[in-house]
Amino acid sequence: MTRTLYDKLVDAHKVCDLPDGDMLIYVDFHIMNEYTSPQAFSGLESKGLNVWRPEAHLSVIDHVNATRSVEAHDAQSKLLIDNLGKNCTTHEIAFYGLGDPRQGIEHIVVPEQGLVVPGMLIACGDSHTTTYGAFGALGFGIGTSEVEHVLATQTLRYKRMKTMRVTINGDTTLGVTAKDIIMKVVQVIGAGGANGFAVEFSGSAIRNLNMAGRMTVCNMAVELGARAALIATDETTEKALKGHPHSGQFEFKGEKWVSDPNAIFDHEVTISGADIEPLITWGTSPDQSISITAHVPSAQDYVSPKAKKALERSLEYMGLDEGQSAQSIVIDTAFIGSCTNSRIEDLREAAKILDGRQVAKGVEAIVVPGSAMTRIKAEAEGLRSIFETSGFEWRPEAGCSMCLAMNDDIAMDGERVASSTNRNFEGRQGRGARTHLMSPAMVAAAAIAGHLVDVRNFK
Amino acid sequence: MKEKHMNTTIKGIAAPLPLANVDTDVIMPKRFLITITREGLADGTFADLRFDNTGQKRPEFILNKAPWKQANILVVGDNFGCGSSREHAVWGMRQLGINACIGTGFAGIFYDNARKNGLALPIVSSESRDTLLEYSKNKSGEEISIDIVSQTIKAGEILIPFEMDTSTQTSLIRGRDDTLDTLEYTNAIHNFETQLDDRMRVNVIK
Ligand code: SF4
């Protein structure tokens with residue numbers, strides 16, 4: 001029988017069926033952060049349970065830490081940071097805390113450490129765990145009760161999902177990045193359009209991406225509602241597995257981590273790569289996006305009263321007019337960071353645009369490298385000096401920062417941010433803050449112009 | 001099976017919350033997440049919808065108005081619970097007294113978090129959801145009931161079937177503790193592990 005890559009991964013990790021239709025699946029590797037794990041550890045303690053296999057877990061600090069210094073910016077975040085350190089010591093779990101040269105955003109740290117290889121099953125108390133699908137590994141986000149469950153049993157209760165294949169055929173045009181590809185997919189399928197599905201990305205536009213690009217695509221697949229995102233392994237994947245601290249320590253052989261040629265998916269979507277343009281979001285959901293050359297929608301573009309009302313609400317929150325051109329949107333802040341786009345490759349793309357240019361007057365521009373290792377590499381390559389010469393503020397400590405504003409990097413009420421992050425929900429970057437999602441190169445271009453602008457005009 | 005409570009019918013006033021794509025940050029804003037316990041989250045739930053910048057109740061918000069102040073059931077828009085994985089959103093809703101949330105579809109992690117905490121999420125068609133939105137708005141104060149066993153919602157004379165998988169149903173009725181339940185499969189997990197050779201075992205460098 002032919003199987004999809006997703007089915008092979010699930011089959012390879014099935015421990016047993018459970019009486020009520022769920023199954024138990026084995027978790028090869030589990031990652032924790034400081035804000036979704038505390039209650040899992042206290043759950044273990046109150047039930048008198050131990051961690052099943054401590055060496056299969058890694059904890060990092062990334063969500064609440066300040067990025068200006070290794071010191072916590074307030075007492076409450078310090079409590080969370082210290083609490084995770086203490087829990088890891090008690091349970092003998094690896095902990096990459098502040099000041100550790102391996103610290104950074106969980107989804108940046110894991111590939112950098114060589115902790116993801118094809119065929120693995122990875123869980124983490126964070127929705128963007130879909131990132132690991134870029135390596136042909138099954139990664140998905142879990143809640144805190146499930147974190148407790150993995151700690152105590154090394155397994156999860158699981159229900160097999162439906163499968164969807166999204167094929168992006170043909171080459172993309174110059175200036176179009178992995179971020180634009182996934183933003184296009186989210187626009188076409190809709191936020192929640194892949195709820196209940198595991199999505200496999202295929203087609204030449206995906207094949208042509210490097211690993212950083214594939215990670216960006218799989219990372220943001222959760223904005224479709226996909227609980228898992230996958231890309232078949234190939235030579236690009238194989239090459240990426242070498243040269244990291246954990247490289248060669250483990251491998252998950254036994255299957256070809258690709259879908260069988262005739263495998264049947266429950267749903268198929270095809271998008272033409274050539275039709276994708278650099279995109280920006282105008283609204284408060286990641287599927288509310290338009291090409292940078294287009295205009296914000298008008299009420300007349302919609303038929304149903306419900307949709308008209310939703311448009312009105314989004315535009316009011318975003319402070320935009322119906323039909324306004326994308327390039328007329330003036331920004332206050334430019335932010336480059338997050339698990340979607342703060343890898344070395346992203347910083348290089350942005351630096352190319354910034355080199356020899358100046359950030360517009362009045363724009364506050366910030367870049368937060370995704371990990372300490374990324375920062376060191378970027379500094380050695382001279383990227384830091386390009387960013388700083390152009391007027392960007394280079395943050396010395398890695399973390400989620402203004403992606404979700406749980407530290408002191410908070411956008412003010414009404415502040416408009418061009419952002420390389422993944423969510424433009426109301427209040428995501430601060431109460432009343434207005435987020436426009438786009439690629440890191442587009443953020444750099446917007447910082448220079450002072451408004452959203454087509455990166456293809458920057459040679 | 002560790003059984004905590006038997007809960008086969010949920011009865012109460014339903015409040016309409018028709019917004020689509022309500023994400024977990026709207027349900028539980030991030031400033032309430034700087035905590036290491038599960039408690040004390042009732043005030044944070046829907047905080048920016050319920051309260052203004054000065055902490056005053058917004059009189060126009062449905063859960064601040066009679067009779068919906070008493071609501072223990074919500075009728076919600078599409079894709080409710082999307083975004084971050086934070087279980088705090090579900091803990092908060094439960095602490096605010098919400099027992100069920102009726103919608104057309106929920107984000108996956110939110111759905112799983114809900115079932116771990118006894119929050120029922122009956123899934124209905126768009127038409128049925130719209131009917132229930134209207135009912136809860138117009139027949140305010142009249143209770144509706146959700147029967148988990150027969151998978152039907154009763155609103156006055158209207159009967160609406162809903163979807164719920166068997167395991168979620170069992171979970172809600174029994175209130176089981178998944179962690180303790182799974183430890184009854186310790187042998188199966190050990191057996192699985194013995195089949196893994198050393199090359200398939202992650203060992204994170206400390
Ligand atoms: S960078 Fe943003 S999306 Fe990624 S893990 Fe951090 S908060 Fe979540």
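The values are calculated or read from the model by the stated rules, or taken from the named source; none is laboratory data. As the structure is a prediction and not an experimental result, all values here were calculated from the model. Heads up, the Cβs are rebuilt from the backbone with ideal geometry, glycines too, and the neighbour counts pull from every protein chain shown. Ligands, DNA and RNA are excluded from the accessible area calculation, which covers all protein heavy atoms including side chains. Shrake-Rupley method; radii C 1.70, N 1.55, O 1.52, S 1.80 Å.
Taking only the range B:42-71 into account, find how many residues are in contact (Cβ under 8 Å) with a residue 24 or more places away in the chain, more than 18 Å from residue B:32 (Cβ to Cβ) and outside any loop (DSSP other than H, G, I, E, B).
3
Filter the range A:135-145 for residues that are over 25 Å from residue A:242 (Cβ atoms), touching a residue at least 40 places away in the same chain (Cβ under 8 Å) and open to solvent by less than 10 Å² (accessible area, probe 1.4 Å); which is farthest from the other protein chains (Cβ to nearest Cβ)? Please lay out each step first, then the result.
The first filter runs over the range A:135-145 and keeps only residues over 25 Å from residue A:242 (Cβ atoms), leaving A:140-145.
From the residues that got through so far, the ones that are touching a residue at least 40 places away in the same chain (Cβ under 8 Å) too are A:140-141, A:143-145.
Imposing the further condition that a residue be open to solvent by less than 10 Å² (accessible area, probe 1.4 Å) reduces the set to A:140-141, A:143-144.
Numbers: A:140: 8, A:141: 4, A:143: 4, A:144: 4 Å.
Out of the qualifying residues, it is A:140.
Could you name every one of the helices (runs of 4 or more DSSP H) located completely within the range A:197-265 that has at least 3 residues being open to solvent by less than 40 Å² (accessible area, probe 1.4 Å)?
Numbers: elements: A:204-207, A:211-220, A:235-240.
Because the criterion is at least 3 residues that are open to solvent by less than 40 Å² (accessible area, probe 1.4 Å), the helices (runs of 4 or more DSSP H) in the range A:197-265 that meet it are A:211-220.
Conditions first: (1) within 30 Å of residue A:221 (Cα to Cα); (2) buried (at least 24 other Cβ atoms within 10 Å of the Cβ); (3) more than 10 Å from every other protein chain (Cβ to nearest Cβ). Residue B:88 passes all but one, so which condition is the exception?
Only one criterion is unmet by residue B:88, namely (3).
Being without any contact (Cβ under 8 Å) to a residue 60 or more places away in the chain, more than 30 Å from residue A:76 (Cβ to Cβ), of a type in the set (Ser, Thr, Tyr) and more than 16 Å from the ligand (Cβ to nearest atom) is the requirement here; does residue A:298 meet it?
Working: without any contact (Cβ under 8 Å) to a residue 60 or more places away in the chain: yes; more than 30 Å from residue A:76 (Cβ to Cβ): yes; of a type in the set (Ser, Thr, Tyr): yes; more than 16 Å from the ligand (Cβ to nearest atom): yes.
So residue A:298 fits the description; yes.
Within the group A:366, A:386, A:448, which residue is without any contact (Cβ under 8 Å) to a residue 60 or more places away in the chain, more than 16 Å from the ligand (Cβ to nearest atom), away from chain B (no Cβ under 14 Å) and of a type in the set (Val, Ile, Thr)?
Details: A:366 fails: more than 16 Å from the ligand (Cβ to nearest atom); A:448 fails: without any contact (Cβ under 8 Å) to a residue 60 or more places away in the chain.
After applying the criteria, what remains is A:386.
Need at least 3 residues that are at pLDDT 95 or above per element, so show me which helices (runs of 4 or more DSSP H) inside the range B:99-180 make the cut, counting only ones lying wholly within it.
Values: elements: B:108-116, B:126-138, B:166-174.
Because the criterion is at least 3 residues that are at pLDDT 95 or above, the helices (runs of 4 or more DSSP H) in the range B:99-180 that meet it are B:108-116, B:126-138.
Would it be correct to say that residue A:73 is closer than 17 Å to residue A:153 by Cα and either within 8 Å of chain B (Cβ to nearest Cβ) or surrounded by fewer than 17 Cβ atoms within 10 Å (Cβ to Cβ) (or both)?
Details: closer than 17 Å to residue A:153 by Cα: no; either within 8 Å of chain B (Cβ to nearest Cβ) or surrounded by fewer than 17 Cβ atoms within 10 Å (Cβ to Cβ) (or both): yes.
Answer is no for this residue.
Against the condition surrounded by fewer than 18 Cβ atoms within 10 Å (Cβ to Cβ), within 24 Å of the chain's Cα centre (by Cα) and not aromatic (Phe, Trp, Tyr), how does residue A:68 come out, does it pass? Walk me through it before giving the result.
Values: surrounded by fewer than 18 Cβ atoms within 10 Å (Cβ to Cβ): yes; within 24 Å of the chain's Cα centre (by Cα): yes; not aromatic (Phe, Trp, Tyr): yes.
Yes, satisfied.
Against the conditions (1) open to solvent by 10 Å² or more (accessible area, probe 1.4 Å); (2) more than 9 Å from every other protein chain (Cβ to nearest Cβ); (3) touching a Ser or Thr at 6+ places or on another chain (Cβ under 8 Å); (4) among the polar types (S, T, N, Q), where does residue A:42 fall short? Just the number, please.
Of (1) open to solvent by 10 Å² or more (accessible area, probe 1.4 Å); (2) more than 9 Å from every other protein chain (Cβ to nearest Cβ); (3) touching a Ser or Thr at 6+ places or on another chain (Cβ under 8 Å); (4) among the polar types (S, T, N, Q), only one is false for residue A:42: (2).
Can you name every residue in the range B:49-81 that is open to solvent by 50 Å² or more (accessible area, probe 1.4 Å) and either within 19 Å of the chain's Cα centre (by Cα) or closer than 30 Å to residue A:195 by Cα (or both)?
Those that are open to solvent by 50 Å² or more (accessible area, probe 1.4 Å) and either within 19 Å of the chain's Cα centre (by Cα) or closer than 30 Å to residue A:195 by Cα (or both): B:69, B:70, B:78.
Does the range B:65-83 hold any residues that are more than 14 Å from every other protein chain (Cβ to nearest Cβ) and in contact with a helix residue (DSSP H, G or I) (Cβ under 6 Å, 6 or more places away or on another chain), and which are they?
Just the residues of the range B:65-83 that are more than 14 Å from every other protein chain (Cβ to nearest Cβ), to begin with: B:65-75.
Within the range B:65-83, B:68, B:75 meet the criteria.
Taking the condition surrounded by fewer than 24 Cβ atoms within 10 Å (Cβ to Cβ) and either charged (D, E, K, R) or within 14 Å of another protein chain (Cβ to nearest Cβ) (or both), does residue A:190 pass?
Values: surrounded by fewer than 24 Cβ atoms within 10 Å (Cβ to Cβ): yes; either charged (D, E, K, R) or within 14 Å of another protein chain (Cβ to nearest Cβ) (or both): yes.
It is true that residue A:190 is surrounded by fewer than 24 Cβ atoms within 10 Å (Cβ to Cβ) and either charged (D, E, K, R) or within 14 Å of another protein chain (Cβ to nearest Cβ) (or both).
Assuming residue A:119 fulfils every condition listed in (1) more than 12 Å from every other protein chain (Cβ to nearest Cβ); (2) away from the ligand (no atom under 16 Å from the Cβ) apart from one, which condition is it?
(1)
Give me the pairs: first residue in the range A:149-167 and within 11 Å of chain B (Cβ to nearest Cβ) and open to solvent by less than 10 Å² (accessible area, probe 1.4 Å), second residue among the acidic types (Asp, Glu) and in a loop (DSSP other than H, G, I, E, B), beta-carbon distance under 9 Å, and six or more apart or on different chains, which are they?
Cβ pairs passing all conditions: A:154/A:28.
Name every residue in the range B:25-44 that is facing chain A (nearest Cβ under 9 Å) and within 16 Å of the chain's Cα centre (by Cα), in order of residue number.
Passing the criteria: B:25, B:26, B:38.
If you check residue B:106 against the conditions, is it open to solvent by less than 10 Å² (accessible area, probe 1.4 Å), assigned by TED's automatic domain parsing to the domain that holds residue B:146 and within 29 Å of residue A:147 (Cβ to Cβ)?
On the way: open to solvent by less than 10 Å² (accessible area, probe 1.4 Å): no; assigned by TED's automatic domain parsing to the domain that holds residue B:146: yes; within 29 Å of residue A:147 (Cβ to Cβ): yes.
No; evaluated as a whole, the condition is false for this residue.
Residue check, residue A:88 against (1) assigned to a helix (DSSP H, G or I); (2) open to solvent by less than 10 Å² (accessible area, probe 1.4 Å); (3) more than 8 Å from chain B (Cβ to nearest Cβ); (4) within 16 Å of the ligand (Cβ to nearest atom), all met but one. Which one?
For residue A:88, the failing item is (4).
Are any of the residues in the range B:191-199 of a type in the set (A, V, I, L, M), in a helix (DSSP H, G or I) and open to solvent by less than 30 Å² (accessible area, probe 1.4 Å)? Talk me through it step by step, then tell me what you get.
Filtering the range B:191-199 for residues of a type in the set (A, V, I, L, M) gives B:196.
Checking the rest, the ones that are also in a helix (DSSP H, G or I) come to none.
Within the range B:191-199 (the criterion being of a type in the set (A, V, I, L, M), in a helix (DSSP H, G or I) and open to solvent by less than 30 Å² (accessible area, probe 1.4 Å)), the answer is no, since none of the residues qualifies.
With respect to residue A:421, is the statement that it is within 16 Å of the ligand (Cβ to nearest atom), away from chain B (no Cβ under 14 Å) and open to solvent by less than 40 Å² (accessible area, probe 1.4 Å) true?
Working: within 16 Å of the ligand (Cβ to nearest atom): yes; away from chain B (no Cβ under 14 Å): no; open to solvent by less than 40 Å² (accessible area, probe 1.4 Å): yes.
No, not satisfied.
Name the residues in the range A:425-437 that are touching a Gly at 6+ places or on another chain (Cβ under 9 Å) and either within 10 Å of chain B (Cβ to nearest Cβ) or open to solvent by 10 Å² or more (accessible area, probe 1.4 Å) (or both), would you?
If we filter the range A:425-437 for residues that are touching a Gly at 6+ places or on another chain (Cβ under 9 Å), which is where we start, we get A:425-426, A:428, A:432-434.
Residues satisfying the conditions are A:425, A:426, A:428, A:432, A:434.
Does residue A:55 meet the test of being surrounded by fewer than 24 Cβ atoms within 10 Å (Cβ to Cβ) and at the interface with chain B (Cβ under 10 Å from one of its Cβ atoms)? It would help to see each step written out before you state the result.
On the way: surrounded by fewer than 24 Cβ atoms within 10 Å (Cβ to Cβ): yes; at the interface with chain B (Cβ under 10 Å from one of its Cβ atoms): yes.
So residue A:55 fits the description; yes.
Checking residue A:238 against (1) under 16 Å from residue A:116 (Cα atoms); (2) in contact (Cβ under 8 Å) with a residue 40 or more places away in the chain: exactly one of these is not met. Which one?
The one condition residue A:238 does not meet is (2).
Just need a number here: residues in the range A:58-70 that are within 13 Å of residue A:408 (Cβ to Cβ) and either more than 7 Å from every other protein chain (Cβ to nearest Cβ) or not hydrophobic (A, V, I, L, M, F, W, C) (or both). Walk me through it before giving the result.
Within the range A:58-70, the first condition is being within 13 Å of residue A:408 (Cβ to Cβ), and the residues that meet it are A:63-69.
Restricting the remaining residues to those that are either more than 7 Å from every other protein chain (Cβ to nearest Cβ) or not hydrophobic (A, V, I, L, M, F, W, C) (or both) gives A:63, A:65-69.
Adding up the residues that qualify gives 6.
Of all residues in the range A:91-134, count the ones that are part of a strand (DSSP E or B) and open to solvent by 20 Å² or more (accessible area, probe 1.4 Å). Don't jump to the end; show me each part of the working.
Taking the range A:91-134 first, the residues part of a strand (DSSP E or B) are A:94-96, A:104, A:121-124.
Those left that are additionally open to solvent by 20 Å² or more (accessible area, probe 1.4 Å): A:95.
Counting residues in the range A:91-134 that are part of a strand (DSSP E or B) and open to solvent by 20 Å² or more (accessible area, probe 1.4 Å) gives 1.
Conditions (1) away from chain B (no Cβ under 14 Å); (2) within 16 Å of the ligand (Cβ to nearest atom), marked per residue:
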| residue | (1), (2) |
| --- | --- |
| A:311 | no, no |
| A:314 | no, no |
| A:325 | yes, no |
| A:328 | yes, no |
| A:331 | yes, no |
| A:337 | yes, yes |
